[in-house]
Amino acid sequence: MSRCADPGGTVGAFLCQAGQVLRAAGIEAPRQEARLLLAHAMACREADLLRDPRATVPEAAARAFGALLRRRAAREPMAHLTGRAGFWTLDLAVSPQTLIPRADSEAVVEAALAAFESPAGIARVLDLGTGTGALLLAVLAECPAAFGVGVDLAPGAAALAARNAAANGLAGRAAFLCGDWAEALTGRFDLVLSNPPYVESAAVPGLMPEVARHEPALALDGGADGLDAYRRLVAALPRLLAPGGRAVFEIGAGQREAVEALARAAGLVPLGARRDLGGIERALTLAGRPA
Ligand code: GLN
């Protein structure tokens, strides 16, 4: 390991050494993550940290930082170390029981809002496999008159999503329950959202270590061809969609045609796909059978 210029025990020295540790662990932006983790350990903002690189890191913070660094070097996701992830306009708590909200999934929110002439057209929203509640809560935040239900098979996810709703002032308009997709649900919804597991089973072990080792297989593994969840979802949609209702599903790279075919076979009408930040078709909009 090369020498660090700042004197030992200072912010500068900790950042320098931590950057080297993270780089050696294969982390893409080691210095940036070192700053985030040290700020987290010192319970301060990054800007405060950088104002004085020669400040001494208090002992308790140094110990906490060491523990965080070891976990990150073992490729635990940053969001699990800080316990938070930003999504859309929301600050969300995350846990290893749910997928960490991804910026690419914001394409689903955009597609959902674009599928209606105005937010007032969205009164009842359903989010199947809600995880942290990210998709549902983002849409509710944009549609002040809407009410939503989030369903997840994992009890820990439904509980976490409920806490996220409360923390973002949306508890009065969101309910969360534990269930197997929409099996236990009756009623019709203007908007049905889902970011289901869609990775082919055989591809899951080859995902980035952060994902493969630390995110729940339940939220990733879409079966042999990655499409198992979509089969369940499209089968349920005809009884879940209100007249004029829309479904918006997140899809994996290259899955548009296959999911559209499943949707058509179930009597649904594909209305187009929206791309994510990387230019990949990520959010598929579907309508019910025309009256
Ligand atoms: N986008 C995720 C990944 O590739 C997969 C999410 C999902 O299966 N819904 O890591």
Residues located in segment 195-215, provided they are closer than 20 Å to L136 by Cβ and either more than 10 Å from the ligand (Cβ to nearest atom) or of a type in the set (S, T, N, Q) (or both): N195
The one condition R213 fails out of (1) surrounded by fewer than 18 Cβ atoms within 10 Å (Cβ to Cβ); (2) in contact with a strand residue (DSSP E or B) (Cβ under 6 Å, 6 or more places away or on another chain) is (2)
Restrict the check to segment 116-131 and report whether at least one residue is modelled with pLDDT of 95 or more, within 15 Å of the ligand (Cβ to nearest atom), touching a Phe, Trp or Tyr at 6+ places or on another chain (Cβ under 7 Å) and of a type outside the set (V, I, T). yes
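Does segment 87-104 contain any residue that is charged (D, E, K, R) and within 15 Å of the ligand (Cβ to nearest atom)?
Yes, segment 87-104 contains at least one residue that is charged (D, E, K, R) and within 15 Å of the ligand (Cβ to nearest atom).
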V192 meets each of (1) surrounded by fewer than 19 Cβ atoms within 10 Å (Cβ to Cβ); (2) within 16 Å of the ligand (Cβ to nearest atom); (3) assigned to a strand (DSSP E or B) with one exception, condition (1)
Tally, over segment 236-288, of residues that are within 16 Å of the ligand (Cβ to nearest atom) and either assigned to a loop (DSSP other than H, G, I, E, B) or β-branched (V, I, T) (or both): 12
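For residues that are in a loop (DSSP other than H, G, I, E, B), surrounded by 24 or more Cβ atoms within 10 Å (Cβ to Cβ) and in contact (Cβ under 8 Å) with a residue 60 or more places away in the chain, tally how many sit in segment 119-145.
Qualifying residue count for the region: 3.
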List every residue pair whose Cβ atoms lie under 6 Å apart, where the two residues are 6 or more positions apart in sequence or sit on different chains, the first residue falls within segment 155-170 and is over 12 Å from A93 (Cα atoms), and the second residue, located anywhere, is part of a helix (DSSP H, G or I) and among the aliphatic types (A, V, I, L, M). L170/L137; L170/L140
Hey, among D221, D152, which residue is within 14 Å of the ligand (Cβ to nearest atom) and closer than 13 Å to G131 by Cβ? D152
Those residues of segment 9-60 which are in a loop (DSSP other than H, G, I, E, B) and of a type in the set (V, I, T), in sequence order: I27, V57
Just one of A174, A146, A165, A182 is under 17 Å from the mean Cα position of the chain (by Cα), away from the ligand (no atom under 16 Å from the Cβ) and closer than 24 Å to R246 by Cβ; which is it? A165
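The values are calculated or read from the model by the stated rules, or taken from the named source; none is laboratory data. Quantities reported herein were computed from a predicted structural model and do not represent experimental measurements. Virtual Cβ from ideal backbone geometry, glycine too; neighbours counted across all protein chains shown.
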